[in-house]
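Comments concern the structure below.
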Amino acid sequence: MKTDPNDYEVRIWYSPEPGDECFVAQVLDMPGIMAHGDTREEAAREIQTALQLALDTYAEIGKPPPVPKNHAAVALGSRGGSVRTKAKRLAAKRNGARGGRPRKRQAVAVA
């Protein structure tokens, strides 16, 4: 099975460090695969090129590349479902069955 570069999660951020001042892109499952660009779009193009070269190199040497992880599933834990924190429970209680954004609390006038 050929690994699709689109299966890997990529993070792009701006580095304001003096001398950097560019957008940096990194493949989460391959920490050594990074690229940069003056714009977010340029960094995205460069990281796709770097990732494809890395996958081609793995294929050339006959070694399987790291398996792309589903980071959303990892964040939810092994059982899946939603992560329940105290803040989320309070928000759900405040919102009731309707869900969505939290309702604004009514201001109470103090006399």
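Looking at region 36-59, I want the residues that are within 16 Å of residue 26 (Cβ to Cβ) and have a partner that is among the charged types (D, E, K, R) with Cβ atoms under 9 Å, at least 6 apart or on another chain. Which pairs are those?
Listed pairs, sorted by first residue: 36/20; 36/42; 36/46; 37/45; 37/46; 55/2; 55/4.
Starting from residues that are among the acidic types (Asp, Glu) and closer than 20 Å to residue 59 by Cβ, keep the ones in region 1-49 and report whichever is surrounded by the most Cβ atoms within 10 Å (Cβ to Cβ).
29
Among the residues of region 69-79, is any at pLDDT 80 or above and in contact with a strand residue (DSSP E or B) (Cβ under 9 Å, 6 or more places away or on another chain)?
Within region 69-79, not a single residue is at pLDDT 80 or above and in contact with a strand residue (DSSP E or B) (Cβ under 9 Å, 6 or more places away or on another chain).
The values are calculated or read from the model by the stated rules, or taken from the named source; none is laboratory data. Computed from a prediction, not measured in an experiment: that's the story for all the values here. Positions of Cβ are backbone-derived with ideal geometry, glycine not excepted, and every protein chain shown enters the neighbour counts.
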